[in-house]
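Presented below is the structure to which this report refers.
Here, each number is a calculation from the coordinates, and none is a lab measurement. What you see is a predicted model, and the numbers here were worked out from it, not measured in a lab. Cβ placement follows ideal geometry from the backbone for every residue including glycine, while neighbour counts extend to all protein chains displayed.
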């Protein structure tokens, strides 16, 4: 009896968490809008597939208004086939499945690419979704090779995966890199080799120590000494300033630590995600529609460009985070995600059919300091928006 009671008490937090997760209050109007938007997104991507050359992948919009594409080596290459898998999952349209299979084949070579930290984006988004949706175990080998390639960039002295090989940096690590750790945690579960998860945990813990200020805003880039592990610089690359809060960086951190809690059940990661969420939602410069400006410290607020990609990533993350916290806190995160999704589904951000180079969302910002991809659609904004809509439909009760 005592033994049974012990296990009941041990499992009680998980039982309560699951109970709350299964009773997230649904907004019926938003559920209807989610269906309409997903149907629109499927039509839009079926148009896009006719406009993108067979050997390329959609990325954004050029300054002259034409479609910007990339080859499979670019860090965003996995998002288009990943989004197409999501849309196939929703519609069961075989045309979308065929397109996903066709485009992910372009990315296949990256399983052996050791020159990038972005293999989670490039490989787990398309191949992870393909494995989950189809159950085809052939994708496991490709993903395990990808995890091995990513692991070669880990420096145990620094405790992180190196992000870039360019510039004057010694060992740069960007907050974006949190998003690529799920490939590693998956690889440990699949292979039984704890090394992959150990790398992911070490990277996440080191990033937690050095990337965040006391208010839980994030630096974009931390440069380490690869020989000693000491921090050399705390900088930005795509944000306003070294001391500012670049909004997509905040969203990457929120999503990354929420995911790492799901993958490891390490409460320190959950606490980090909660703190980052609160920084975002309590920020004095957060607009009422909860679609952030490109940087929370942009000097021209309220006229600064919005970054819809930051809103899409944050919405998806907040939906998940709401499932891991207490009822009151979870409701706050859930409601914030609903506001974000309602905004993103509105004409202010949602493209018209056949317009916007067939992307779903408008008004994202890639890198304003470099005058690159400013106020344009971005392939990863679409990916996390579709993911968030599917999560909402799955979890809303």
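Over the stretch 40-144, calculate the relative contact order: mean separation of alpha carbon pairs under 8 Å at least 6 apart, over the residue count, as a percent.
Working: 131 pairs, mean separation 25.8, N = 105.
That works out to 25 percent.
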Query raised in the report: Which distance in Å, rounded to a whole number, links the C-alpha centroids of the stretch 267-314 and the stretch 106-152?
Result: 30
Query raised in the report: If you average the sequence gap of Cα pairs under 8 Å that are 6 or more apart and divide by the length of the stretch 197-264, what percent do you get for the contact order?
Result: 24
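Could you tell me which of rounded, prolate or oblate describes the chain, using a ≥ b ≥ c as the square roots of the eigenvalues of the alpha-carbon gyration tensor, with rounded for a/c under 1.5 and, failing that, prolate when a/b is larger than b/c and oblate otherwise?
Numbers: a/c = 1.16, a/b = 1.08, b/c = 1.08.
Verdict is rounded for the chain.
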Query raised in the report: Which ordering of 215, 382 is given by a fewest-first count of other beta-carbon atoms within 10 Å?
Result: 215, 382
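Could you list 307, 118 in order of exposure, starting from the residue whose Cβ has the fewest other Cβ atoms within 10 Å? Present the calculation step by step, with values, prior to reporting the outcome.
Details: 307 28, 118 21.
Fewest to most other Cβ atoms nearby, the residues stand as 118, 307.
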Requested in this report: Within 10 Å of each residue's Cβ, count the other Cβ atoms and sort 385, 40 from fewest upward.
Outcome: 40, 385
**Report entry** Approximate spin-label separation residue 137-residue 288, in nm, with each point projected 7 Å along Cα-to-Cβ
**Finding:** 5.6
Query raised in the report: For the chain, what's the relative contact order in percent, using C-alpha pairs closer than 8 Å and at least 6 residues apart?
Result: 17
